[in-house]
Amino acid sequence: MSFRLGPCWVMGMGTVVTYAVNENVTEHESAARVAVAKSLAALKGFEFGGGYEPSLRRNTPLYFVPSETLSGNEAGRLGIRGANDLASRRNYDVLRGATRAAAGGVA
């Protein structure tokens, strides 16, 4: 069971997962998405669950970091109901810059 308080999940009650819309992503793109997802999990107080696997049952809500924009049908199939379940391109870019800066690179 999960509870929502306003526009966000309760701290510690979620799992951040990556989702590859197609398999035509480079190793670098995949690694960057994993780094962003791990950073998001740490910031939200969620666990990092790795790549999305539909066969796995989770006890907590999922927060998706997709490789690209999802169609409405695909989002619905994944159980994504709104922005609180999904990393947007904007916060992806901000977190990617923060992750680079934390690693000693250029943001």
* Structure fact -> By the mean-Cβ-within-10 Å protection proxy, highest first, 70-79, 16-25 rank as 16-25, 70-79
* Descending semi-axes in Å of segment 28-86, equivalent ellipsoid built from Cα gyration tensor -> 18, 15, 12
* **Extension gain from L43 to H28, taking 0.36 nm per residue of separation minus the Cα-Cα distance** => 3.1 nm
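Where a number appears in this text, it was derived from the coordinates with a stated rule and is not lab data. Keep in mind it's a predicted model, so treat the numbers as computed, not measured. Note that each Cβ is placed from the backbone with ideal geometry, even for glycine, and that neighbours are counted across all protein chains shown.
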